[in-house]
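Below you'll find the structure, written out as structure tokens, and then a few comments.
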Amino acid sequence: MKKNLFILFFIFLIFSYLYGQKAPKNVILLIGDGMGPVQVEALSYLKSGKPAVMTQFPYHGISNTNNLRDSITDSAAGGSALSTGKKTLNGHVATDENGNPNENIVEWVSRENNMGTGIIVTSHITDATPAAFYAHVNSRKEHEEIARQLVFSDLDFVAGGYLNYFLPEERKDHLNLLDSLDIRGFTLNTSIAEMNNAVAAKPFVMLSEKYPPKASERESWLQNCMYNAFDCLTRHTNGFFLMVEGSQIDWACHDNDFDHFADEILEFDKAVQIAYEFAMANDETLVVVTADHETGGMSLDPAIKKVKKKLVSQEVGKYVTWGTKRHTGKPVNVYAFGPGSELFQGEMENTDIYLKIKNLLNRKH
Ligand SMILES: [Zn+2]
């Protein structure tokens, strides 16, 4: 008798745990490329002691970023782990070590839930991380092929740089992808103003012909694109999945360029704030913030903690040392807010982030 009661109680626990969780309608995944734990700490000093928005989220975890060979990842393998839930080799974009495609979350939510999907980055749109959410190639350097796959992807909102990959006169194969964009129902915008004035069903926003400029020269790129993406994607009655990347945090850390880093991570912090405000206003939205790996081996001199006065960016930079110009294997942080966010606690593999999001969006059980 006692044993049966215990089993019943245990089943009840499982059910309340499973169904107690409110499932999100929308998911916003923000990726700080190269943003390790020290980069997040430095951000609060750059904000004159105000905390980074992500650190105010209720649930925190730690993500192991190593690739399939358990060695230091690049953004292709790191982005693919987040987008497909599978570890792979460096350079591979959403394909396994044998070159077979691994389905990504954009494809899955489009097919299974008919949700809206979007990506916003501050790099060339064919860079490894964004590519992991729409393309399948064995080399991240296949930019023209990645661009071609983007046009035929399930995405409804696209924003980033490097328009030239879509122009016949710039491509080696002279393929006119602008015509294909049209056929696929995309509307090309090449400026923030054009994007804000257009009422497009599927905006395809290319804000630079080649590599995008730094945050200091970009007119609030992430913020403007996020507001436009919300306008577009909230039209999808089944909800949406949006990936937003602070891409150039990585570029700045590769260069050990603290000023560039400061501008990029401050813009990313504002993007997190916008996602948070959207989720506060619409309580069906899960916001997850993480990184694909750490870049630069950044460390902060503990003496900075004793500084009483507010520091300006350059002064914060004086307390920073760089250990390398490459990626490191440091675990990165995960922060979550909204329905299902309690799942993003403790230690996890980067692939678990995909699995947790997918389980929460699995509306068939
Ligand atoms: Zn990198």
When you scan the stretch 30-37, do you find a residue that is surrounded by fewer than 23 Cβ atoms within 10 Å (Cβ to Cβ) and among the small types (Gly, Ala, Ser), even just one? no
Working only within the stretch 238-263, note down all residues that are away from the ligand (no atom under 16 Å from the Cβ) and either under 20 Å from Ile120 (Cβ atoms) or not in a helix (DSSP H, G or I) (or both). Asn238, Gly239, Phe240, Phe241, Leu242, Met243, Val244, Asp263
Can you tell which of Thr65, Thr84, Thr55 is surrounded by fewer than 17 Cβ atoms within 10 Å (Cβ to Cβ) and under 18 Å from the mean Cα position of the chain (by Cα)? Thr55
Listed residues Lys325, Lys305; which is modelled with pLDDT under 95, more than 30 Å from Ala23 (Cβ to Cβ) and among the charged types (D, E, K, R)? Lys305
Identify, by number, the condition in (1) within 16 Å of the ligand (Cβ to nearest atom); (2) closer than 26 Å to Val106 by Cα; (3) open to solvent by 40 Å² or more (accessible area, probe 1.4 Å) that Ala291 doesn't meet. (3)
Within the stretch 69-79, which residues are of a type in the set (S, T, N, Q) and away from the ligand (no atom under 14 Å from the Cβ)? Ser71
Unmet criterion (only one of (1) closer than 22 Å to Ile265 by Cα; (2) surrounded by 15 or more Cβ atoms within 10 Å (Cβ to Cβ)) for Glu219: (2)
Starting from residues that are among the hydroxyl-bearing types (Ser, Thr, Tyr) and within 16 Å of the ligand (Cβ to nearest atom), keep the ones in the stretch 301-346 and report whichever is surrounded by the most Cβ atoms within 10 Å (Cβ to Cβ). Thr328
Scan the stretch 76-103 for residues that are in contact with a His (Cβ under 7 Å, 6 or more places away or on another chain) and either in contact (Cβ under 8 Å) with a residue 60 or more places away in the chain or part of a helix (DSSP H, G or I) (or both) and jot them down. Ala76, Ala77, Gly78, Ser80
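The values are calculated or read from the model by the stated rules, or taken from the named source; none is laboratory data. Since the model is a prediction, treat every value here as computed from it, not as a measurement. Positions of Cβ are backbone-derived with ideal geometry, glycine not excepted, and every protein chain shown enters the neighbour counts. Calculation scope for accessible area: heavy atoms of the full protein, side chains included, ligands and nucleic acids excluded. Shrake-Rupley method; radii C 1.70, N 1.55, O 1.52, S 1.80 Å.
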